[in-house]
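Below: the structure, in structure tokens.
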Amino acid sequence: MKITVSHLKKSFTIDHLRIELFKDLSFSVEFDHVLALLGCSGSGKTTLLRMLAGLELPDEGEVIIDEEPLQFHSTEWLQHYQEKLGFVFQQQNLFPHYTALENIVMPLTLVHHEEPATAKEKAAAIMKRLRIFQHASKKPHQLSGGEAQRVAIARALVTEPRFLLLDEPTASLDVEMKVEILDFIAELKTMDTPIVLVTHEIGFARQCAEQVLFMDQGSILEQGETKTFFEQPQQARLKKFLSSVFAY
């Protein structure tokens, strides 16, 4: 998978104050399985992820996925594009009155207009493959945080998306559940669905990602193949960021 961002600009107005997040963001990166976006809170990671999903529109600039430019000003094009993606954000957004299985069925029937019986078979199959079918009849309030997040990931994968976007998937979990979800995400590499992952879990990024981008104040301060990125960081800002986990 190849992502190219060219001269991206994005600003927000908060309390009548105009904030420029991306002033001229440009980069290109290729990977097969996992791309990790690292950086402090407010560096622009989630906004970039939302732009890759077509959920946030740039003021200027271009985003190209596998040589296909995103048509940000075409609602119809964006709708079709988003139907081919999988999203998992910090909150699972599972429907509380439906079972785990029913939550996974819904994108197949409502978005992709599949027959209920076929959709149920696919949902059950992905739950079995991800080893969560034992939770099929549970409603969200009966699931642990880790179980709910795994159901959310299964829902994102059931449509066989072009790629998967994960935004801090462990942010609301305790330590034990974080480990569970990180192990679970690591296993997803076997499904051959490219993943773009925003995370503060530096050790996990080092273990699973092939390419890493480090964002700072709306810019890509450093990027590279994972081994080189962590073992030979070039920028002092990146060295400081990593120092809480790794010593250089």
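Find the relative contact order for the chain and round it to a whole percent, using C-alpha pairs within less than 8 Å whose residues are 6+ positions apart.
Once normalised by length, the contact order is 26 percent.
Calculate one ³J(HN,Hα) per residue across the range 120-132 by plugging θ = phi - 60° into the Karplus curve 6.51 cos²θ - 1.76 cosθ + 1.60, and present them in order as whole Hz with x for glycine and proline.
5, 4, 5, 5, 5, 5, 5, 5, 5, 5, 8, 6, 10
Over the chain, with every protein chain in place, what whole percent of the accessible area is carbon and sulfur at 1.4 Å, could you tell me?
Carbon with sulfur: 49 percent of the solvent-accessible area.
Based on alpha-carbon centroids, what's the gap between the range 175-208 and the range 1-66 in Å, whole number please?
21 Å
In degrees between 0 and 90, to the nearest 10, how far off the longest principal axis of the chain does helix 175-187 point, with axes built from Cα atoms?
It is inclined by approximately 90 degrees.
Got a sec? Charge dipole of the chain, +1 on Cβ for Lys and Arg, -1 for Asp and Glu; which of 211, 135, 39 is way out at the positive end?
135
When the convex hull of the C-alpha atoms of the range 91-137 is computed, what volume per residue in Å³ does it have? Mind dumping the intermediate values first?
Working: hull volume 3.8 nm³, N = 47.
That works out to 80 Å³ per residue.
What list of ³J(HN,Hα) values in whole Hz, one per residue of the range 41-55 in order, does the Karplus curve 6.51 cos²θ - 1.76 cosθ + 1.60 (θ = phi - 60°) give from phi, with Gly and Pro shown as x?
4, x, 7, x, 4, 5, 4, 4, 4, 5, 5, 4, 8, x, 8
Please turn the phi angles of the range 204-220 into ³J(HN,Hα) values with the Karplus equation 6.51 cos²θ - 1.76 cosθ + 1.60 (θ = phi - 60°), one per residue in order, whole Hz, x for glycine and proline.
5, 4, 5, 6, 10, 7, 9, 10, 10, 10, 10, 9, 8, 6, x, 10, 8
Take the cross-link list 2/45; 45/138; 45/240 and give me the ones stretching past 22 Å between alpha-carbons.
45/138
So for the pair residue 237, residue 172, with labels modelled 7 Å out along Cα→Cβ, what separation do we get in nm?
3.1 nm
Using alpha carbons only, what's the Rg to Rh ratio of the range 150-248 with Rh from Kirkwood?
Numbers: Rg = 14.4 Å, Rh = 14.7 Å.
Value, to two decimals: 0.98.
Using only alpha carbon positions, build the gyration tensor of the range 48-163, then give the equivalent ellipsoid semi-axes as the square roots of 5 times its eigenvalues, largest first, whole angstrom.
That gives 29, 15, 12 Å for the three semi-axes.
Please compute the contact order of the range 1-92 in relative form: average sequence separation of alpha-carbon pairs under 8 Å and at least six residues apart, divided by the residue count, as a percent. Could you put the intermediate results ahead of the total?
Working: 116 pairs, mean separation 28.5, N = 92.
Over the range 1-92, the number comes to 31 percent.
Binning at 5 Å from 0, report for the chain what percent of all alpha-carbon pair distances ends up in each bin.
Answer for the chain: a P(r) of 1, 6, 13, 17, 18, 16, 13, 9, 5, 2, 0, 0 percent.
Could you give the accessible area per residue of the chain, probe 1.4 Å, as a whole number in Å²?
So the chain comes to 50 Å² accessible per residue, rounded to a whole number.
The values are calculated or read from the model by the stated rules, or taken from the named source; none is laboratory data. Please read these numbers as outputs of a predicted model, since none were measured by experiment. We place every Cβ from the backbone using ideal geometry, glycine too, and count neighbours over all the protein chains shown. Calculation scope for accessible area: heavy atoms of the full protein, side chains included, ligands and nucleic acids excluded. Shrake-Rupley method; radii C 1.70, N 1.55, O 1.52, S 1.80 Å.
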